[in-house]
1. Which of the residues that make up region 37-68 are within 12 Å of ILE123 (Cβ to Cβ) and either touching a strand residue (DSSP E or B) at 6+ places or on another chain (Cβ under 7 Å) or open to solvent by 40 Å² or more (accessible area, probe 1.4 Å) (or both)?
2. Kindly indicate the residue of region 1-40 that is assigned to a helix (DSSP H, G or I) and touching a Phe, Trp or Tyr at 6+ places or on another chain (Cβ under 9 Å) and also farthest from ALA167 (Cα to Cα) among those meeting that condition.
3. Out of the strands (runs of 3 or more DSSP E) lying entirely within region 86-186, which hold 1 or more residues that are over 19 Å from the mean Cα position of the chain (by Cα)?
4. Against the conditions (1) within 9 Å of the ligand (Cβ to nearest atom); (2) within 27 Å of PRO236 (Cβ to Cβ), where does ALA37 fall short? Just the number, please.
5. Taking the condition of being under 18 Å from ALA175 (Cβ atoms) and open to solvent by 10 Å² or more (accessible area, probe 1.4 Å), how many residues in region 372-387 meet it?
6. Is it true that ALA248 is among the aliphatic types (A, V, I, L, M), within 26 Å of HIS379 (Cβ to Cβ), surrounded by fewer than 18 Cβ atoms within 10 Å (Cβ to Cβ) and modelled with pLDDT under 95?
7. Could you please let me know if LEU380 is at pLDDT 95 or above and assigned by TED's automatic domain parsing to the domain that holds GLN176?
Amino acid sequence: MTAYDAIILGAGGAGLFCAGIAAQRGRRVLVLDHAAAPGEKIRISGGGRCNFTNLHASPADFLSDNPHFAKSALKRYTQHDFIALVEKHGIAWHEKTLGQLFCDGSSRQIIQLLLDEARDADIRLSSPITSIDKTGSGFRVGTGSGVFEAARLVLATGGPSIPKMGATGFAYDVAQQFGLNVIAPRPALAPLTFSGVDAARWDGMAGVAVPDAVASIGKRRFREAVLFTHRGLSGPAILQISSYWEQARRDEAGRVQPVTLDLCPDVDLFAELKAARSTAPKQELATQLEKHLPARLARRIVELSNAPGRIADLSDARLQAVAALAKTWQVTPAGSEGYAKAEVTLGGIDTAALSSQSMEARAVPGLHVIGEAVDVTGHLGGFNFQWAWSSGFACGQAL
Ligand code: FDA
């Protein structure tokens with residue numbers, strides 16, 4: 001049997017990056033994955049161009065029961081470190097928006113970078129894991145193609161989002177086996193679905209996009225695009241706020257929390273409508289709204305506010321209702337589209353069980369957890385890959 005210093009379960013971003021760091025430190029590393037190809041989520045990420053990090057990544061961009069946990073790893077391996085690595089590999093990149101960095105070419109370049117960095121590691125794909133046992137000196141892992149032993153075991157099997165790509169909750173089963181607490185996993189960065197009332201009100205709006213909107217819950221706000229879907233709302237602002245909505249679905253009284261949407265930020269719509277009533281009284285209300293909103297949406301807002309016809313005929317109260325629907329629209333989602341469409345998983349293995357320096361389980365020496373399997377979830381925009389790199393680095397240094 002080949003002797004390994006570490007076995008890494010999962011050949012995704014975190015597992016491969018960790019393997020490279022450890023192998024370059026002279027560790028004998030085995031990576032096992034049940035999938036036939038490595039880094040499948042990287043391949044499909046960022047519309048095929050992989051949003052591999054974010055220029056502005058900071059601990060504030062991550063959700064966790066312990067918001068301090070990620071600080072150490074993010075500081076030790078930063079977005080600038082990963083950008084330098086991307087450049088070392090000759091991969092051309094660009095900033096799309098809001099600090100989000102993408103490959104000019106293909107996300108496959110990032111997978112190749114990871115494989116090149118981990119060239120001294122033994123990577124075995126199509127290897128479903130059948131058993132994990134603690135031995136006197138480490139861990140024994142059974143697979144369809146053999147049994148392997150190592151002093152250290154790294155769990156890098158991600159979370160259950162997008163099961164059709166081979167994603168599983170395997171890390172949580174292993175956590176349970178070793179007595180590690182798991183913070184309830186939930187789909188995050190996922191489209192939200194309308195409740196029955198909203199579904200009827202906004203029926204037929206699928207495809208309408210509002211390029212600049214603000215979605216908020218309490219003080220947390222995201223200003224990006226919002227998109228109407230057949231079942232609810234999507235677009236970056238909605239995906240971002242969905243993570244916070246999942247985190248605090250119900251208020252203290254058990255009521256489902258609404259998401260507030262401002263569909264035309266920076267515009268004092270009520271003041272503008274009142275002014276238009278004086279300056280252009282014969283104008284239709286919809287025409288005025290179309291200055292800031294897509295035409296289909298403007299017309300639906302007019303219908304829903306029961307304010308048809310000329311703006312001159314509308315009272316202050318009616319104009320205020322129209323402005324409120326566009327600027328403080330409260331949507332109470334029925335739920336989200338779930339793991340089938342969620343980019344990541346909120347929750348995961350409790351950081352309280354792990355060292356923030358080495359990602360090692362305090363109660364199970366030699367067992368490490370990295371990447372999405374951990375209760376650290378990034379915002380949309382390259383932050384989740386940055387967590388894969390940073391947590392993989394912290395662990396790889398400790399193997
Ligand atoms: P990841 O899921 O990547 O890897 C886990 C590995 O473990 C997989 O190879 C899997 O096959 C393997 N595995 C799972 N269960 C197993 C088992 N039982 N036995 C053996 N192997 C098993 N983030 C970002 O920062 N920028 C972006 O552009 C995007 N875009 C994006 C698009 C889409 C559609 C999705 C679904 C997600 C993103 N993300 C993203 C999120 C990002 O993909 C995610 O956070 C990282 O891939 C997580 O890396 P991990 O290595 O932790 O898990």
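The values are calculated or read from the model by the stated rules, or taken from the named source; none is laboratory data. Predicted model only: the values in this text are computed from it and were never measured. Note: ideal-geometry Cβ built from the backbone for every residue, glycine included; neighbour counts use all protein chains shown. Keep in mind that these areas ignore ligands, DNA and RNA; they rest on the heavy atoms of the full protein, side chains included. Shrake-Rupley method; radii C 1.70, N 1.55, O 1.52, S 1.80 Å.
1. Filtering region 37-68 for residues within 12 Å of ILE123 (Cβ to Cβ) gives 37-39.
Once the filter is applied, which keeps residues that are within 12 Å of ILE123 (Cβ to Cβ) and either touching a strand residue (DSSP E or B) at 6+ places or on another chain (Cβ under 7 Å) or open to solvent by 40 Å² or more (accessible area, probe 1.4 Å) (or both), region 37-68 yields only PRO38.
2. Of all residues in region 1-40, those assigned to a helix (DSSP H, G or I) come to 13-24, 40.
Checking the rest, the ones that are also touching a Phe, Trp or Tyr at 6+ places or on another chain (Cβ under 9 Å) come to 13-14, 17-18, 21.
Values: GLY13: 13, ALA14: 14, PHE17: 18, CYS18: 19, ILE21: 24 Å.
For region 1-40, the residue satisfying everything is ILE21.
3. Once the strands (runs of 3 or more DSSP E) in region 86-186 are filtered for at least 1 residues that are over 19 Å from the mean Cα position of the chain (by Cα), what remains is 93-95, 122-124, 129-134, 139-143, 146-155.
4. Only one criterion in (1) within 9 Å of the ligand (Cβ to nearest atom); (2) within 27 Å of PRO236 (Cβ to Cβ) is unmet by ALA37, namely (2).
5. 1
6. Details: among the aliphatic types (A, V, I, L, M): yes; within 26 Å of HIS379 (Cβ to Cβ): yes; surrounded by fewer than 18 Cβ atoms within 10 Å (Cβ to Cβ): yes; modelled with pLDDT under 95: yes.
For ALA248, the condition - among the aliphatic types (A, V, I, L, M), within 26 Å of HIS379 (Cβ to Cβ), surrounded by fewer than 18 Cβ atoms within 10 Å (Cβ to Cβ) and modelled with pLDDT under 95 - is met.
7. Numbers: at pLDDT 95 or above: yes; assigned by TED's automatic domain parsing to the domain that holds GLN176: yes.
So LEU380 fits the description; yes.
Per-residue answers, yes or no, for (1) away from the ligand (no atom under 15 Å from the Cβ); (2) closer than 18 Å to GLU343 by Cα:
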position: GLY47; (1), (2): no, yes
position: ASN66; (1), (2): yes, no
position: ALA70; (1), (2): no, no
position: LEU74; (1), (2): no, no
position: ILE83; (1), (2): no, no
position: LEU98; (1), (2): no, no
position: ASP104; (1), (2): no, no
position: ALA121; (1), (2): no, no
